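S.K.: Right, I'll just put the structure down here and ask away after.
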Amino acid sequence: RKEVEQDPGPFNVPEGATVAFNCTYSNSASQSFFWYRQDCRKEPKLLMSVYSSGNEDGRFTAQLNRASQYISLLIRDSKLSDSATYLCVVNLPPGGYNKLIFGAGTRLAVHP
Amino acid sequence: NAGVTQTPKFRVLKTGQSMTLLCAQDMNHEYMYWYRQDPGMGLRLIHYSVGEGTTAKGEVPDGYNVSRLKKQNFLLGLESAAPSQTSVYFCASSRITSGSYEQYFGPGTRLTVT
């Protein structure tokens, strides 16, 4: 079983749509959770951290369910510029070097 | 600030050739990492360093060596390239601060081994 699993997509949605991505992780000792965004042929960049109580950043909402080992990302009012691959990322203890495990990513394509 | 830079951006090697990928960061980060990214797979950690003069193996270290002689630089070497090492290589760096796990990535090096 992969340590971090994501639906690869692609998700093809029209502008203005709401889209949700899910991610599951296998290690119950995981402590920190993130969503990174990766544009085509570019490097990954941090989109947002995911907190236990859930958190929102503009049109983006992240949720964490520790009991089910499940993370989600909701994008409201999708823009063309949201087209990218979204990587679910989990920090694994004991780390000692900020060890991050990356999912393979979910591809989003927003069309006019 | 340039952030994290990588040299070269593209390279084609023949099987058995060697090369070194250079990563440089100007953010004074303690931690540095080398990943490879292949289609359908997440980024996989090759080697990492928690400080100048120290390196350690990651998830997929075979066929690679690294060195961190200066805090700002992290070199990845391929001694005898194989087609299985065709990939996109990303370097990243991060702070040492507890709880600050964001990694900053370079633009990547696309390597093809024929």
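The values are calculated or read from the model by the stated rules, or taken from the named source; none is laboratory data. Not measured: the values here are computed from a predicted model. As a convention, Cβ positions derive from the backbone with ideal geometry for all residues, glycine included, and neighbour counts pool all protein chains shown. The protein model used for the area step is the full one, side chains on, heavy atoms only, and it has no ligands, DNA or RNA in it. Shrake-Rupley method; radii C 1.70, N 1.55, O 1.52, S 1.80 Å.
S.K.: So A:Asp57 clears everything in (1) within 11 Å of chain B (Cβ to nearest Cβ); (2) over 13 Å from the mean Cα position of the chain (by Cα) except one condition, right? Which one?
M.R.: Answer for A:Asp57: the failing condition is (1).
S.K.: If A:Asn27 passes every condition in (1) outside any loop (DSSP other than H, G, I, E, B); (2) open to solvent by less than 60 Å² (accessible area, probe 1.4 Å) but one, which one does it miss?
M.R.: All conditions are met except number (1).
S.K.: Among (1) touching a Pro at 6+ places or on another chain (Cβ under 9 Å); (2) in contact (Cβ under 8 Å) with a residue 24 or more places away in the chain, there is one condition B:Gly16 misses while meeting the rest; what is its number?
M.R.: Going through the list (1) touching a Pro at 6+ places or on another chain (Cβ under 9 Å); (2) in contact (Cβ under 8 Å) with a residue 24 or more places away in the chain, B:Gly16 breaks only (1).
S.K.: Within the bounds of region B:10-26, is there any residue that is within 14 Å of another protein chain (Cβ to nearest Cβ) and of a type in the set (D, E, K, R)?
M.R.: no
S.K.: Against the condition at pLDDT below 95, among the hydroxyl-bearing types (Ser, Thr, Tyr) and either over 11 Å from the mean Cα position of the chain (by Cα) or open to solvent by 20 Å² or more (accessible area, probe 1.4 Å) (or both), how does A:Ser81 come out, does it pass?
M.R.: Values: at pLDDT below 95: no; among the hydroxyl-bearing types (Ser, Thr, Tyr): yes; either over 11 Å from the mean Cα position of the chain (by Cα) or open to solvent by 20 Å² or more (accessible area, probe 1.4 Å) (or both): yes.
So A:Ser81 fails the test.
S.K.: If you don't mind, another one. List, please: which pairs have Cβ atoms under 9 Å, are six or more places apart or on different chains, and start with a residue in region A:28-52 that is over 24 Å from A:Asn65 (Cβ atoms) and end with one that is open to solvent by 20 Å² or more (accessible area, probe 1.4 Å) and among the hydrophobic types (A, V, I, L, M, F, W, C)?
M.R.: The qualifying pairs are A:Arg41/B:Val88.
S.K.: On to the next question. Among (1) touching a Ser or Thr at 6+ places or on another chain (Cβ under 9 Å); (2) within 14 Å of chain B (Cβ to nearest Cβ); (3) modelled with pLDDT under 95; (4) farther than 17 Å from B:Glu59 by Cβ, where does A:Gln31 come up short?
M.R.: (1)
S.K.: I would also like to ask the following. Collect the residues in region B:40-58 that are more than 9 Å from every other protein chain (Cβ to nearest Cβ) and open to solvent by 50 Å² or more (accessible area, probe 1.4 Å), keeping them in residue-number order. Talk me through it step by step, then tell me what you get.
M.R.: Applying the first criterion (more than 9 Å from every other protein chain (Cβ to nearest Cβ)) to region B:40-58 yields B:46-47, B:51-55, B:57.
The answer is B:Glu52, B:Gly53, B:Thr54, B:Thr55, B:Lys57.
S.K.: Might you let me know whether region A:35-44 holds any residue that is modelled with pLDDT under 90, within 17 Å of B:Tyr101 (Cβ to Cβ) and within 14 Å of another protein chain (Cβ to nearest Cβ)? Step through it out loud before you land on a result.
M.R.: Keep residues of region A:35-44 that are modelled with pLDDT under 90, which gives none.
No: region A:35-44 contains no residue that is modelled with pLDDT under 90, within 17 Å of B:Tyr101 (Cβ to Cβ) and within 14 Å of another protein chain (Cβ to nearest Cβ).
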